[in-house]
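Take a look at the structure below.
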Amino acid sequence: MPPYIFKLFSFDHIISLIAIIFLFITFLRYNEKIGIMNDSKTFLITLSVLMIFLDLSEDIVRVFTGHYSIIKDLPLQLCSIGVYLAAYNLIYRNQKIFNLIFYWGFVGATNAILTPDGDLFELRIFFFYSQAYHAALIFAILWMMIKYDMRMEYKSIFQVVLYTNAIVGIITFINIVLDSNYMFLRQIPNSVSPFLMGEWPVYILMVQVFSVILVVLFIRLQDFFMKPIKY
């Protein structure tokens, strides 16, 4: 089977974006009309299981197609960790976890959906897996915001940046041991993201700067479109 060559805003990319928008509108705006109540625990459990299944089933497909590698396929990217935290938080709704996935999801997952790293998609199915679980992470965050009034606050930005960098420190050690590139800490990803500037380690610092700017913007959008929190 020939390798899959991803192209930005190709047919596959555009179709995936349209599907994501359609599903978001359907399940967030019209969920009760299709029989999903806002407080449905069954739906939340199903969504949580689906999110974890997406990550695990991709690994199974990779194993059977000969594309699995411990140096790139462990759930050690921020969005991969975020998927598991979001699956937990849909049911238990911890505010500190919400802050983390808000930061990772809206900044990281949105970027991954709009400007994917083509080097990660040896087969076409892996592109769709990536779009699906990044979208699921964002959907989970939006569900918690819209249905359960969870919000990110400006005062939490420093805390989430601190926690994120603590995780970066752990992943840096793992990268050294495995000779891997989790969180793209040793090599810049193959992405056209406008937030990737310079060579190592400059791009890592620049991503963090832009991430803080973007999370401030997302908090502003949150408070503009939804009932704001009184800070």
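Any read-out appearing in this document is the output of simple, stated calculations on the displayed coordinates, not a laboratory observation. What you see is a predicted model; the values in this text were computed from it and never measured. Glycine gets a Cβ as well: all are built from the backbone with ideal geometry, and neighbour counts include every protein chain shown.
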For the chain, what does the relative contact order come out to in percent, with C-alpha contacts under 8 Å and a separation of six or more? 23
Can you name the helices of the chain, as whole DSSP H runs, whose Cα span along the helix axis is 30 Å or more and whose Kyte-Doolittle mean is not below -1.0? 41-65, 124-148, 157-178, 202-225
Provide, for the chain, the number of lysine pairs with alpha carbons under 19 Å apart, each pair being eight or more places apart or on different chains. 10
Using the number of other C-beta atoms within 10 angstrom as an exposure proxy, rank HIS134, HIS67 with the fewest first. HIS67, HIS134
